[in-house]
Amino acid sequence: MAAKLKTGDKVVVLAGKDKGKEGTIQSVDPKAGKAVVEGINIAVRHQRQTQQSQGGRRPQPMPIDLSNLAFIDSNGKPTRVGFKTEDGKKVRFAKTTGDVI
């Protein structure tokens, strides 16, 4: 199945502790149905001190389910993503405006 949300897309969170926040997708795991969004779903991870790096508590963005994310269209509103063919190529488009992504 084709990916409706891809790396680099600007999205808004629909549910959870970060509801309403916006960010850019850093990575997507289609098999698990999750994505890592910059600045969203931050968890503190503890890192052991080594000779190369200082140890301590590091904030790290954790994966969030794709169903809790919505693409932001050109108007700045959350929208669903659909597929259509243009000139023999399959393209994504925003369902609210109809613009090709």
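No value in this document is a laboratory result; all are computed from the given coordinates. Everything numeric in this text was worked out from a predicted model, so none of it was measured. Here the Cβ positions follow ideal geometry from the backbone for every residue, glycine too, while neighbour counts run over all protein chains shown.
For the stretch 10-76, the convex hull drawn through the C-alpha positions has a volume of 108 cubic angstrom per residue. A Cβ-based charge dipole, computed about the Cα centre of the chain with Lys and Arg at +1 and Asp and Glu at -1, lands at about 300 debye. Subtracting the Cα-Cα distance of Ala43 and Ser27 from their residue separation scaled by 0.36 nm leaves 4.1 nm. Each Lys and Arg Cβ is given +1 and each Asp and Glu Cβ -1; about its Cα centre, the stretch 54-101 then shows a dipole of about 180 debye. Subtracting the Cα-Cα distance of Thr7 and Thr97 from 0.36 nm times their residue separation leaves 30.3 nm of extension gain. Using 0.36 nm per residue and subtracting the Cα-Cα separation, the extra length available between Leu14 and Arg57 on full extension is 12.7 nm.
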